[in-house]
Amino acid sequence: MTETHAIQILIHIAGAAALLIWAVRLVRTGVERGFAAPMRIWLRHSAKNRMLAAGTGMGAAVLLQSATAVAVLVSNFVSKGALASATGLVILLGADVGSAVVTQLLMVRQPILIPLLLLIGVTVFLRGEGSNTRQIGRIMIGLALIFVSLDMIRYATEPMISNPGTQAVMAYLGRDLLTAFIIGAAFAWGVHSSVAAVLLFVTLAGQSILPLTAAAAMILGANLGGGVIAFVLTYNAPIDARRMIMANLVLRGGGAAIVAFAIGAMPDLLMQLGSTPARQSINLHLAFNLLLALLTLPFVGSMMAAISAIMSEKSTSNGVLAATSVLDPALLDRPQRAMDCAARELLGMGQKIEQMLIAVDPLYDQWNGATANTITDQDKAIKQRHLDIKLYLARLGQKGMDEELSRRSMELASISSSLDSASDAIARNMLKLARRLDIQKLHFSQQGRDEISDFTDRVQSNVQLALNVMMNQNPAEARELVAAKEKVRKVEQKLQRSHIGRLREGLAESIETSNIHQETLRALKQINTAFSTVGHPILLRSGDLLKSRLA
């Protein structure tokens with residue numbers, strides 16, 4: 001094999017691997033954009049028993065093509081107290097199994113699938129009326145591209161099968177399973193997808209490029225790498241969420257290391273998992289995660305207790321740095337830089353309001369005076385930030401600006417006003433409503449409470465999307481954000497009708513809490529509307545926003 005030929009092969013393999021990574025992400029993006037809110041509700045309702053929680057985690061991972069994405073979603077629930085950390089760990093163990101099931105499904109070779117998925121996917125994406133319909137098209141295109149990338153990898157690696165240099169390197173990995181394990185973990189971490197890593201390793205094993213033992217060690221290493229991805233992404237989460245992620249990392253990574261050691265000692269074990277190297281290696285991935293879940297599910301409570309003892313919460317009473325403003329007066333002579341400072345300040349406002357929204361929901365179940373005081377103090381701080389931003393932008397205008405910067409200044413001032421109204425809805429409406437429930441010793445009906453919790457999850461999801469849009473200024477996500485406003489309006493109307501229906505049935509709990517229930521729904525809709533304004537300036541610039549509705 002000439003040097004030029006070798007470089008061409010490596011480029012082909014790298015390109016195919018890049019397509020595989022992007023295609024997996026394309027599917028996940030479609031699911032997240034189209035079905036994030038229902039999935040959040042689905043996950044939160046899975047806390048009734050462990051088998052349901054594990055099954056829900058598995059299903060979510062199959063849809064998202066990623067156990068990591070499920071881990072991030074679940075960590076949000078644990079952070080705000082909607083899920084116990086032990087239940088969250090059960091969901092993660094199920095998600096690990098779901099991630100392995102995904103690789104099984106994606107290794108199915110049916111040539112007719114590729115043109116069929118592309119034809120239907122592109123048609124649905126281009127001609128779909130609603131946002132969710134277009135996301136279904138996106139998912140189908142992503143699945144087709146995954147199959148295309150795997151075929152590209154098989155084609156590109158064929159010349160390497162008989163190459164002496166390739167055989168020598170791969171034979172070494174087959175002997176040094178520790179190195180293979182580390183490479184697998186590092187690759188999964190590098191591409192931020194254990195699914196893509198496993199698919200690549202299995203394909204190479206099926207092409208006889210990788211020895212079976214090396215492929216097995218690298219697949220097990222990818223399990224460790226997948227756990228590390230979730231740990232890093234949730235590093236700044238509250239302690240309960242980090243304990244859950246760490247427990248999953250210890251179980252998944254530690255179990256993978258133990259199994260890799262066992263395979264090194266008894267490689268014949270792999271012969272029991274299938275008739276071909278590809279089937280044996282991919283079945284190992286599924287068998288490992290399934291066995292890990294079955295063995296550890298009965299002991300998740302003890303596991304979380306042990307992790308909690310090791311990861312104790314550090315005291316934050318001393319040495320906490322006070323929040324400081326980024327509105328730098330020295331930059332008033334440089335309008336563009338000053339505008340960036342105002343945008344950063346707005347992002348900080350949005351993040352604080354998100355924390356308030358997460359904190360207020362549990363008060364509907366159990367009042368906590370300290371939490372209520374924190375929310376009230378946060379609202380005062382938000383109002384001060386809003387005033388500071390308005391004054392800063394006014395001073396900036398005194399220096400004179402071109403039309404573009406002047407328009408940007410008005411947009412930021414408008415967003416600041418909207419965020420201030422969202423803070424009001426939490427501190428002056430929702431907080432008082434929760435307090436009324438406590439003072440009057442009232443409780444929602446179970447159906448009513450579930451409706452409010454689900455609606456809160458939907459609004460929180462849109463708030464997170466709005467913060468992302470503030471950072472990346474992505475027109476596609478801005479369009480999704482503004483479109484979600486109409487969805488929330490329709491859901492709120494549906495919930496109001498459902499509540500009226502319970503009143504007609506004479507349900508005592510619904511009658512007693514009727515005003516609180518309806519006002520809470522309105523407050524949540526107001527918060528969603530406030531955050532949706534973040535997308536308006538972006539869509540106006542792109543021509544996607546008409547005077548009264550989306551184009």
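The values are calculated or read from the model by the stated rules, or taken from the named source; none is laboratory data. None of these values were measured; they are calculated from a predicted model. Heads up, the Cβs are rebuilt from the backbone with ideal geometry, glycines too, and the neighbour counts pull from every protein chain shown. Just the protein is used for accessible areas: all its heavy atoms, side chains included, with ligands, DNA and RNA removed. Shrake-Rupley method; radii C 1.70, N 1.55, O 1.52, S 1.80 Å.
General remarks:
- Qualifying residue in region 40-54 (condition: among the aromatic types (Phe, Trp, Tyr), modelled with pLDDT under 85, surrounded by fewer than 22 Cβ atoms within 10 Å (Cβ to Cβ) and in a helix (DSSP H, G or I)): yes
- Against the list (1) touching a Phe, Trp or Tyr at 6+ places or on another chain (Cβ under 8 Å); (2) at pLDDT 90 or above, the condition LYS525 fails is (1).
A quick yes/no check of all residues on (1) charged (D, E, K, R); (2) within 19 Å of ALA256 (Cα to Cα); (3) buried (at least 23 other Cβ atoms within 10 Å of the Cβ):
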site: LEU145; (1), (2), (3): no, no, no
site: SER149; (1), (2), (3): no, no, yes
site: GLU158; (1), (2), (3): yes, no, no
site: THR213; (1), (2), (3): no, yes, no
site: LEU233; (1), (2), (3): no, no, no
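- Residue check: ALA434 meets all listed conditions (1) part of a helix (DSSP H, G or I); (2) open to solvent by 30 Å² or more (accessible area, probe 1.4 Å) but one, namely (2).
- Selected residue (criterion: most open to solvent (accessible area, probe 1.4 Å)) from residues of region 1-39 that are among the polar types (S, T, N, Q) and modelled with pLDDT of 75 or more: GLN8
- Cβ-Cβ under 9 Å pairs, at least 6 apart or on other chains, region 215-243 side without any contact (Cβ under 8 Å) to a residue 12 or more places away in the chain and part of a loop (DSSP other than H, G, I, E, B), far side buried (at least 24 other Cβ atoms within 10 Å of the Cβ) and among the basic types (Lys, Arg): none
- Tally, over region 249-291, of residues that are outside any helix (DSSP H, G or I) and in contact (Cβ under 8 Å) with a residue 60 or more places away in the chain: 1
- Any hit, region 329-339, residues being part of a loop (DSSP other than H, G, I, E, B) and open to solvent by 40 Å² or more (accessible area, probe 1.4 Å): yes
- Residue match in region 539-548 (condition: open to solvent by less than 50 Å² (accessible area, probe 1.4 Å) and either modelled with pLDDT of 90 or more or among the hydrophobic types (A, V, I, L, M, F, W, C) (or both)): yes
- For region 162-181, the criterion of being outside any helix (DSSP H, G or I), open to solvent by 10 Å² or more (accessible area, probe 1.4 Å) and at pLDDT below 85 is met by at least one residue.
- Selection within region 340-362 - under 22 Å from ILE439 (Cα atoms), modelled with pLDDT of 90 or more and not β-branched (Val, Ile, Thr): MET356, LEU357
- Residue match in region 190-211 (condition: in contact (Cβ under 8 Å) with a residue 12 or more places away in the chain, in contact with a Pro (Cβ under 6 Å, 6 or more places away or on another chain) and open to solvent by less than 20 Å² (accessible area, probe 1.4 Å)): yes
- ASP420, sole failed condition from (1) crowded, with 18+ Cβ neighbours inside 10 Å; (2) out of contact with any His (no Cβ under 6 Å at 6 or more places or on another chain): (2)
- Any hit, region 57-64, residues being in contact with a Phe, Trp or Tyr (Cβ under 6 Å, 6 or more places away or on another chain), under 23 Å from VAL491 (Cβ atoms) and either surrounded by fewer than 21 Cβ atoms within 10 Å (Cβ to Cβ) or hydrophobic (A, V, I, L, M, F, W, C) (or both): no
- Looking across region 69-98, the residues that are open to solvent by 20 Å² or more (accessible area, probe 1.4 Å) and either free of Cβ contacts under 8 Å to residues at least 24 places away in the same chain or part of a helix (DSSP H, G or I) (or both) come down to VAL72, LEU73, ASN76, SER79, SER85, ALA86, THR87.
- Note on region 401-417: among residues that are in contact with a His (Cβ under 9 Å, 6 or more places away or on another chain) and touching a residue at least 60 places away in the same chain (Cβ under 8 Å), the one that is surrounded by the fewest Cβ atoms within 10 Å (Cβ to Cβ) is SER414.
Results for (1) of a type in the set (A, V, I, L, M); (2) in contact with a Lys or Arg (Cβ under 6 Å, 6 or more places away or on another chain); (3) modelled with pLDDT of 90 or more; (4) surrounded by fewer than 22 Cβ atoms within 10 Å (Cβ to Cβ), shown as yes or no for each residue.
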position: ALA476; (1), (2), (3), (4): yes, no, no, yes
position: ARG489; (1), (2), (3), (4): no, no, no, yes
position: LEU507; (1), (2), (3), (4): yes, no, no, yes
position: SER510; (1), (2), (3), (4): no, yes, no, yes
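- When region 125-147 is filtered for residues that are of a type in the set (D, E, K, R), more than 25 Å from the chain's Cα centre (by Cα) and in a helix (DSSP H, G or I), only ARG127 remains.
- Check on VAL122, farther than 24 Å from ILE452 by Cα and part of a helix (DSSP H, G or I): yes
- Scope region 512-528; condition touching a residue at least 12 places away in the same chain (Cβ under 8 Å) and open to solvent by 50 Å² or more (accessible area, probe 1.4 Å); matching residues: GLU512, GLU519, ARG522, LYS525, GLN526
- Residue match in region 34-43 (condition: of a type in the set (D, E, K, R) and within 22 Å of GLY128 (Cα to Cα)): no
- Answer residue from region 99-113, given it is buried (at least 17 other Cβ atoms within 10 Å of the Cβ) and assigned to a helix (DSSP H, G or I) and is nearest to the chain's Cα centre (by Cα) among those: SER99
- Among the residues listed as ASN462, ASN472, the single one being surrounded by 13 or more Cβ atoms within 10 Å (Cβ to Cβ) and within 29 Å of the chain's Cα centre (by Cα): ASN462
Results for (1) more than 31 Å from the chain's Cα centre (by Cα); (2) aliphatic (A, V, I, L, M); (3) within 25 Å of LEU83 (Cα to Cα), shown as yes or no for each residue.
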| residue | (1), (2), (3) |
| --- | --- |
| VAL195 | no, yes, no |
| ILE219 | no, yes, no |
| LEU224 | no, yes, yes |
| VAL228 | no, yes, yes |
| ALA247 | no, yes, yes |
| GLY264 | yes, no, no |
| GLY274 | yes, no, no |
| ALA287 | no, yes, no |
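- Condition broken by THR374, with the remaining ones in (1) among the β-branched types (Val, Ile, Thr); (2) open to solvent by 60 Å² or more (accessible area, probe 1.4 Å); (3) under 25 Å from VAL469 (Cβ atoms) satisfied: (3)
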